[in-house]
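Enquirer: Please find one structure pasted underneath; my questions will follow.
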Amino acid sequence: IDVLCQGMPHDSEIWERLGRDRTPGRAGERLTVAFLGSAYPHKGPQLLVEAAQRTSAELRVQIHGEIPEAFAAQLLQADRRGVVELCGAFQPSEIERVLADVDVAALPSIWWDCAPLAAAECLAARVPVPVPRLGGLAEAIVDGVDGLLFDALDVDDLARCLDRLAGEAGL
């Protein structure tokens, strides 16, 4: 059996223009965590927002992507620490700009993502990806190398990963 991982044609361009020369480590003083893609409940941005409320680390969360107005209001209401920014939709051609200023891209899907294309883009940009142990996302990373795995639907475990990314030297 041969397994061919699905990817996007521009993954190699992302690597050439951003990932290849990107220095490991945090870009700023606070950990910047991004959510990328359509911000719908099955993609889990609400888990990321809640996890950000439970971390001990100083961080900020950027939600990049289209988001229904009512769901956006729910996410902002859940942000008791004031660390979440809704950045809006972006064009595929803007992915490098979005990824250049973030430290981590969390993809906390609550359903069985089978083709983690966003994870491939993040890895091409050398942006670590915390993902749930669920479906194809868990297969997209090597735990502790280019991302962290957390128990699916477990907000506290995602918060633990974010604290670890913010505070563990050399990770």
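Enquirer: Tell me which residues, restricted to the range 1-12, are touching a residue at least 60 places away in the same chain (Cβ under 8 Å) and open to solvent by 80 Å² or more (accessible area, probe 1.4 Å).
Expert: Cys5, Gln6
Enquirer: Against the definition (among the charged types (D, E, K, R), surrounded by 12 or more Cβ atoms within 10 Å (Cβ to Cβ) and farther than 19 Å from Glu58 by Cβ), how does Asp113 come out, yes or no?
Expert: yes
Enquirer: Are any residues in the range 36-84 among the small types (Gly, Ala, Ser) and either open to solvent by 40 Å² or more (accessible area, probe 1.4 Å) or in contact with a Gly (Cβ under 8 Å, 6 or more places away or on another chain) (or both), and if so, which ones?
Expert: Hits for the range 36-84 are Gly37, Ser38, Ala39, Ser56, Ala57, Gly65, Ala70, Ala73, Gly82.
Enquirer: Filter the range 107-139 for residues that are within 21 Å of Pro41 (Cβ to Cβ) and of a type in the set (Asp, Glu) and give the result.
Expert: Passing the criteria: only Asp113.
Enquirer: Residue under question is Arg126, and the condition is that it be outside any helix (DSSP H, G or I), open to solvent by 60 Å² or more (accessible area, probe 1.4 Å) and either touching a Leu at 6+ places or on another chain (Cβ under 6 Å) or closer than 13 Å to Gly147 by Cβ (or both); does it hold?
Expert: The answer is yes for Arg126.
Enquirer: If I filter the range 18-35 down to residues being modelled with pLDDT under 90 and open to solvent by 70 Å² or more (accessible area, probe 1.4 Å), which single residue comes out as farthest from Pro92 (Cα to Cα)?
Expert: Top of the filtered list is Glu29.
Enquirer: A further question on this structure: Only one residue in Leu148, Leu137 is in contact with an Asp or Glu (Cβ under 6 Å, 6 or more places away or on another chain), open to solvent by less than 10 Å² (accessible area, probe 1.4 Å) and either closer than 14 Å to Leu48 by Cβ or assigned to a helix (DSSP H, G or I) (or both), so which one is that?
Expert: Leu137
The values are calculated or read from the model by the stated rules, or taken from the named source; none is laboratory data. What you see is a predicted model, and the numbers here were worked out from it, not measured in a lab. FYI the Cβ positions are ideal-geometry reconstructions off the backbone, even for glycines, and counts take in every protein chain you see. Just the protein is used for accessible areas: all its heavy atoms, side chains included, with ligands, DNA and RNA removed. Shrake-Rupley method; radii C 1.70, N 1.55, O 1.52, S 1.80 Å.
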